[in-house]
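Quick notes on the structure that follows.
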Amino acid sequence: MTHNTKEELERLFKLAVPLAKEFNKRTYSDLFQSKYEEFKPLFDAIERECAEADNPDEAVEEVASVIPDAMHQILEKAGSKRKKEQILMNYNMGMVSFIIPMMRYGRTPVCEKVVDRMIVLWNDNGLEMDLGKSSYEDIEGGFKARMCYITTAVCEGLGKPDHCYELETLRNYRDGYLANSEGGMQIIREYYDIAPTIVKRLGRSTDAGEVYLEIWKQYLEPCVRLIEDGKPAECKEVYTDMVRTLKTKYLYS
C-alpha cells in the first residue's frame, strides 16, 4: 500500500462523523455522489495496488486494517464502555450510510473484499454494536419507501442494515397491528410528522450517538421484545410513549 493510499483512507475515515450529520433524505443522493467522485481515485488505487501486489491477500488485509485501526485507537482513549458506545454509534452511522456504500459503489472485486475484511476488523472491539454491510442502493431505496426515520437512524448507528431483523419486525408491526388498531394510524401520522425534524436536529448536535442509544435501549429494543413475546398492545404503549416523549423533548423544548 502506498503512503498516499493510506493517507486518503485516513482522510475518508475522518469524514465519517461529519457525513453522518448530513444524512437525510433530501440531500443524501447528491452528497453521496459528490463524495464518491472525490474519492474514486482512492478506490481505483486500491483496486490496482491490491491486484498488482505479489500477495494480493496480504495487500487486501493491509488496506482493510487502516480504518478499523484508526477507530480502535479512538475507542481506547474513550474510557467507559458507555462512552465507547456513544462514540462508536456516531462513527457507525457514517460508515454504513456513506463510507461502506462508497467503497462498494464501483462494484469492483478487490474493494468488495476490502469491505468484507474491514467490517470484521471494525467489529473486533468488544462492543455489541456490530457494523453491517450496506449499499447506496439499499439506503436510497429505503428513502423512496418512506423509511422509518428515527428507527432507521438508530439502527444505522448500531451498524444494522436497512433490512435487518429489528427494522423489519418494527415495520411489519407498524403496517400490521398498529395501523389497524384503534388510534394506531393517528400515532403513525404523528410519528411521520415529527421524525424528520427530530433526526435533522439531532444530526446537528454533538450528542446524537448518546441520544440514539437511549432511544434504542428505552423504546425500540423493548418494542421488538414485546412483539416477539406476542404482546402487541404493550408494544403500542411503548411506541406511543416514544412518539409523545420525543415530540415534547425535541419539538417543544
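Observations, loosely collected:
- Part-to-part distance (alpha-carbon centres) for the range 1-59 and the range 180-220, which is given in Å: 31
- Net +/- balance of residues flanking ASP69 in space, Cβ distance below 12 Å, scoring K and R +1, D and E -1: -4
- Per DSSP, loop GluC sites (Glu not before Pro) in the range 166-250 with at most 16 further Cβ within 10 Å: GLU182
- Extension gain, TYR192 to ARG225: 0.36 nm times the residue separation minus the Cα-Cα distance gives 9.6 nm.
- Inter-label distance, nm, simple model (7 Å from Cα along the C-beta direction), ASP138/ASN172: 1.8
- Environment charge at GLU190 (Cβ cut-off 11 Å; Lys +1, Arg +1, Asp -1, Glu -1): +2
- Pairs from LYS35/LYS217; LYS81/LYS249; LYS35/LYS81; LYS81/LYS231; LYS83/LYS200 whose Cα-Cα separation, in the structure shown, is over 29 Å: LYS35/LYS217; LYS35/LYS81; LYS81/LYS231
- Estimated inter-spin distance, HIS3 and ASP57, nm [label 7 Å along Cα→Cβ]: 3.1
- Helix-only mean residue ellipticity at 222 nm for the chain, each DSSP H run of n ≥ 4 adding -39500 (n - 2.57), per residue, nearest 500: -23000 deg cm²/dmol
- Once the chain from TYR165 to ASN180 is taken as fully extended at 0.36 nm per residue, the excess over their C-alpha distance is 3.2 nm.
- Between THR27 and LEU127, residue separation times 0.36 nm minus the direct Cα-Cα distance comes to 32.9 nm.
The numbers here are math on the coordinates, done by the rules we state, and not lab data. Since this is a predicted model, take the numbers as computed values, not measurements. Here Cβ is always computed from backbone atoms with ideal geometry, including for glycine, and neighbour counts include all displayed protein chains.
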